[in-house]
Amino acid sequence: MNILLVGLGRWGAKHLRVLGELGVTLWAADVSPARLAWAVRHGVDPKRAIADFRVALHEVDAVDIVTSADSHYPVARACLAAGRHCFVEKPLARTVAEGRELEAAAEAAGRIVQVGHIFRFHPVTATLREALGAGRIGRVRYATGRFSGFKRPRVDVGVTQTDAIHYFDLFAHLFGREATEVGGLQRDFLGRGLDDLSVTVVHYGDVPAIVEANYFVPGTWRDCVIVGERGTLVADYGASVVTLFLAEHRRHAGAWEAVETGKEELPTRGDEPLRFPPRPAFGPSRSSRRPSGRFGSAPPSRCRRSLDSPIGHRAQSPRIESGQWPNGLLQGDREMAIRLVVTITAVPGKGSQLAEAYKGRCAQVMKEPGCEQFEIFQSVVNPDRLTLLERWADQAALDAHAKLNSTRPPLLPELRVGNGEREDYEYRRTR
């Protein structure tokens, strides 16, 4: 199986790792010489590390597109025109019109386009689907989702298309139907021409879902609530915890009563979402026209259409000219520092003890080459929620740390809930 990975940024690096573990013959394309060199150091044959992705289209079965969102459409169009199946990281495109054009191009070429909605394959989602399928909460009344946290905004699309979109797709997956009606509010508080706050009400038939996304709320929040007639499911994707609250309103003697009948922590287990299930998305051979399965986070569907945001469309997608890539594929060709934000949930009442234990580990790691920051912070709002801030000079420094860290014993796992949540960013100081 020959796969071309286009884009070696933060998420591209994750895809390279998983594709390598899947055992495919991997090509990697990026306009940054530094990133191509990094790919070679991580197992890509130097002859298959290229600057122009189109050079390899006749060599591969499928293309994994992990570039900036404003380049998804032109890159995917070029790949489909060459007869290649495409996996595209979310959002599929910047507008509904672009998404529909890609869907039409895939149909015309007899090829598959899949979109990377990773929440579908999270262990929490499997637990939610099992509980809903078993009727644990009865008929679903409504749902809420929150994807929020204080972080650097993306520069290619707004917060709706980068974060809220997780829940748009997740609820369609959980409720077994597409959205039927959408309404929303967006704000551009930072004046960038891109939304940084969005509140969206999406109707899935008679089930409304309220989705909030923003860059401002302290901490990291990846949670959802599904309310039914006989109970409520509360899911924390950061901590990999699902809680079932059994409660309902009952009418008795002409009056309504709120009756609570129990609370249950539901088990969550499973593999890393990015590699579930552990096989490629694009079928066993180039001759396969309708590949089965999926790589990483791609849902088993044809093109997933993107939200047509009313703000943030700065310019139309650029055409691919000879010898060029679309503008905006990369943020420059030098190695940038890597910022990690790790959110850790402590066992109730143990946040201060866990934070104290981390102080020694922080001092130890700060001595490692290339470590620019390694600090633990405890929330004043929720003392059992900790945030570890890391900054590494480059990817090589982070890789060296990961290798060294694998030899260290886990730090008081009995004081932690779940596996926590990690976010990686390429870091460039702007002020």
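We did not get these values from a lab; they are worked out from the coordinates using the rules stated. The structure presented is a predicted model; accordingly, all values stated were derived computationally and were not measured. Positions of Cβ are backbone-derived with ideal geometry, glycine not excepted, and every protein chain shown enters the neighbour counts.
Each residue of the stretch 346-353 was assigned a 3J(HN,Hα) from its phi angle through the Karplus curve 6.51 cos²θ - 1.76 cosθ + 1.60 (θ = phi - 60°); the sequence is 8, 4, x, x, 10, x, 5, 5 Hz, with glycine and proline shown as x. Computed from backbone phi, the HN-Hα couplings of the stretch 101-107 come to 5, 5, 4, 5, 5, 5, 4 Hz, rounded to whole numbers (Karplus: 6.51 cos²θ - 1.76 cosθ + 1.60, θ = phi - 60°; Gly and Pro given as x).
Annotation: amide H of Arg141 within the under-5 Å range of Val227, Gly228, Glu229, sequence separation 5 or more or interchain, hydrogens built in the peptide plane. Pull up the cross-link candidates among the lysines for Lys350, meaning alpha carbon to alpha carbon under 23 Å and not fewer than 8 places away within one chain. Leaving aside lysines fewer than 8 places away in the same chain, those within reach of Lys350 are Lys263, Lys359. Using the Stokes-Einstein relation with a Kirkwood hydrodynamic radius computed over Cα pairs, the translational diffusion coefficient of the stretch 2-112 at 37 °C and a viscosity of 0.692 mPa s comes to 236 µm²/s.
Here the contact order of the stretch 2-112, divided by its residue count and restricted to Cα pairs under 8 Å and six or more residues apart, works out to 25 percent.
Just the projected area, averaged over all directions, of the convex hull on the alpha carbon atoms of the stretch 120-266: how many nm²?
Numbers: hull surface 40.6 nm².
Value for the stretch 120-266: 10.1 nm².
Between Lys359 and Thr25, the C-beta separation translates, for a Förster distance of 51 Å, into a calculated FRET efficiency of about 0.65.
Select from the stretch 211-249 those GluC sites (Glu not before Pro) which occupy a DSSP coil region and have at most 13 other Cβ atoms within 10 Å, ordered by residue number.
Values: sites: Glu212, Glu229, Glu248; in loops: Glu229.
Sparse-neighbourhood loop GluC sites (Glu not before Pro): Glu229.
Annotation for Ala393 and Arg230: the two label points, set 7 Å from Cα along the Cα-Cβ direction, are 6.1 nm apart.
Would you mind ranking Thr25, Thr144, Thr180 by Cβ crowding within 10 Å, fewest neighbours first? Walk me through the intermediate numbers first.
Values: Thr25 14, Thr144 17, Thr180 11.
The order, fewest Cβ neighbours first, is Thr180, Thr25, Thr144.
Near the amide H of Gly184, under 5 Å away, which other amide H atoms are found, from residues 5 or more places off or on another chain, if H is placed in the peptide plane? Hits under the 5 Å cutoff: Val201. Note on the stretch 337-427: Cα convex hull, mean projected area over all directions, 5.6 nm². Cross-link partners of Lys47 among aspartates and glutamates, defined as those whose alpha carbon lies under 18 angstrom from its own and excluding same-chain residues fewer than eight positions apart: Asp30, Glu59, Asp61. Mean separation of Cα pairs under 8 Å and 6 or more residues apart, divided by the residue count, gives the stretch 337-427 a relative contact order of 47 percent.
The stretch between Ala400 and Arg251 holds 47.4 nm of extra length on full extension. This uses 0.36 nm per residue minus the Cα-Cα distance. This ranking places Val202, Val31, Val342 by how few other beta-carbon atoms lie within 10 Å of each, fewest first, which gives Val342, Val31, Val202.
The stretch 6-55 and the stretch 177-206 have Cα centres spaced 34 Å apart.
Cut-off is 10 Å between beta-carbons; in what order do Asp206, Asp223 appear when sorted fewest neighbours first?
Numbers: Asp206 10, Asp223 17.
Result, fewest neighbours first: Asp206, Asp223.
Full-extension gain between Leu185 and Arg141, please, as 0.36 nm times their residue separation minus the C-alpha to C-alpha distance. Working shown, then result.
Details: separation 44, 0.36 × 44 = 15.84 nm, distance 2.21 nm.
Full-extension gain reported as 13.6 nm.
Per-residue Karplus couplings for the stretch 237-254, computed as 6.51 cos²θ - 1.76 cosθ + 1.60 with θ equal to phi - 60°, are listed in order as 6, x, 9, 6, 10, 10, 10, 9, 9, 8, 6, 7, 9, 10, 8, 9, 6, x Hz, Gly and Pro entered as x.
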